Amino acid sequence: MKLTHVFGALTLGTATLTAWAGGGQDLLAKQCISCHAITKPESASLERLWERKGPDLYFSGSKFNREWLEAWLQNPTAIRPAGVMYSKLVKAGAGGTPDVIDSSQLPTHPKLSKEDATLAAEALMALKGSDGLVEKGAFKNEPVNASFAAMLFSKLRGCSSCHAAKPGTGGASAPELYTAGDRLQPDFVLAYIKDPQKFDPHVWMPKFDLNAADLQKLTGYIATLKSAEKK
Ligand code: HEC
Ligand code: HEC
């Protein structure tokens with residue numbers, strides 16, 4: 001008698017859970033996969049990188065902070081100032097003038113309701129990518145000397161030639177990093193800086209020869225970059 005009760009409750013629980021997680025997966029399959037890879041692509045060719053419409057999401061659970069994800073899906077803002085394939089929209093500035101972005105061609109991202117954003121975030125956070133892609137706990141969160149780290153970012157390593165650490169500064173060929181502290185998990189940031197080609201063999205971010213201490217410092221610095229309202 002008792003056992004049947006427990007069993008009954010369990011089945012109900014599992015059924016509800018499956019329906020719920022399924023809702024998020026369904027939503028991704030219906031509304032997102034036309035632009036995003038939610039499973040690891042079989043061939044990571046240059047053509048695929050060139051033709052894809054949106055960034056890969058198959059390692060979202062190892063990359064994003066869930067709170068950011070839910071908020072962004074309801075109110076998406078531009079992360080890549082010149083789109084996913086910047087060379088299609090950027091015209092090199094003449095004689096040392098800054099590059100010009102044809103932002104009229106930047107697509108606006110689909111917006112989700114609060115309920116759908118929660119479902120999508122839940123399903124995305126379950127996508128961890130392959131084992132060892134992002135090493136958990138690699139970022140030690142030691143105190144950083146902010147001005148030295150900022151110099152490492154802008155002058156010594158030239159990260160700012162592609163990335164903006166503040167709105168309106170830096171290059172446009174890569175994701176902005178001024179919301180990175182809200183957006184990204186530090187372990188992901190460290191793994192990406194250490195070896196960008198591990199995430200995509202054709203991505204144009206160079207693999208820098210950074211020592212362990214500089215990796216920690218750059219990651220610590222990027223983790224402090226947050227949107228103004230949240231500071
Ligand atoms: C028409 C194509 C298109 C569709 C459909 C689309 N996206 Fe996107 N998505 C993009 C593009 C382009 C970007 C890059 C925006 C940027 O960097 O400014 C993006 C960025 C993202 C990002 C941030 C990724 C990163 O690495 O920075 C997330 C998360 C995301 N989309 C989730 C979704 C979800 C969930 C859906 C389905 C509900 C969806 N997208 C549907 C094109 C699309
Ligand atoms: C030649 C241009 C270039 C330089 C220089 C460069 N990056 Fe990148 N970076 C990129 C590109 C391109 C991406 C990924 C593009 C994408 O996902 O659409 C990227 C991605 C990243 C990401 C992940 C961001 C995200 O939202 O997915 C981090 C963190 C990062 N870079 C940090 C750095 C740091 C730190 C340096 C300096 C040591 C640096 N980058 C130098 C081009 C560059």
**Prompt:** Using a ≥ b ≥ c from the Cα gyration tensor of the range 24-230 (square roots of the eigenvalues), is it rounded, prolate or oblate, where a/c under 1.5 gives rounded and otherwise the larger of a/b and b/c decides, a/b for prolate?
**Reply:** rounded
**Message:** Between Asn211 and Gln31, what's the calculated FRET efficiency when r is the beta-carbon distance and R0 is 35 Å? Round to 0.05.
**Reply:** 0.25
**Request:** Please report, in debye to the nearest 20, how large the charge dipole of the range 24-230 is about its Cα centre when each Lys and Arg carries +1 at its beta carbon and each Asp and Glu carries -1 there.
**Result:** 320
**Asked** Arranged by the count of other C-beta atoms within 10 angstrom, fewest first, what order do Phe208, Phe64 take?
**Response** Phe208, Phe64
**Asked** At Ser104 and Asp195, where each label point lies 7 Å from the Cα along Cα→Cβ, what is the point-to-point distance in nanometres?
**Response** 4.5
**Request:** Determine which residues of the range 170-192 fall in the zone a paramagnetic label at Ala146 would reach in this model, i.e. backbone nitrogen under 20 Å from the point 7 Å along Cα→Cβ.
**Result:** 170, 177-184, 186
**Message:** If neighbour count is taken as other Cβ atoms inside 10 Å, put Met205, Met151 in order from fewest to most.
**Reply:** Met151, Met205
**Prompt:** Which entries of Lys40/Lys140; Lys128/Lys207; Lys155/Lys217; Lys111/Lys198 show an alpha-carbon separation above 26 angstrom in the structure shown?
**Reply:** Lys40/Lys140; Lys111/Lys198
**Fill in**
Given backbone amide H placed at 1.01 Å from N, residues whose amide H is under 5 Å from that of Leu184, ignoring those fewer than 5 places away on the same chain, are Asn65
**Item:** Cα-projected label distance for Glu47 with Lys166, points at 7 Å along beta-carbon direction, nm
**Value:** 4.5
**Fill in**
Exposure-ranked with fewest Cβ neighbours within 10 Å first, Trp68, Trp204 stand as Trp204, Trp68
**Asked** Residue by residue, what Karplus-based ³J(HN,Hα) values in Hz, rounded to whole numbers, does the range 108-123 have, using 6.51, -1.76 and 1.60 with θ = phi - 60° and x for Gly and Pro?
**Response** 8, 7, x, 9, 10, 5, 4, 4, 5, 5, 5, 4, 5, 4, 4, 5
**Fill in**
One finds the C-alpha centres of the range 34-80 and the range 166-200 to be spaced, in Å, by 13
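Each reported figure results from applying straightforward, stated rules to the coordinates on display, with no laboratory input. It should be emphasised that the depicted structure is a prediction, and the values quoted were computed from it without experimental measurement. Cβ sites come from the backbone with ideal geometry, for glycine too, and all protein chains shown count toward neighbours.
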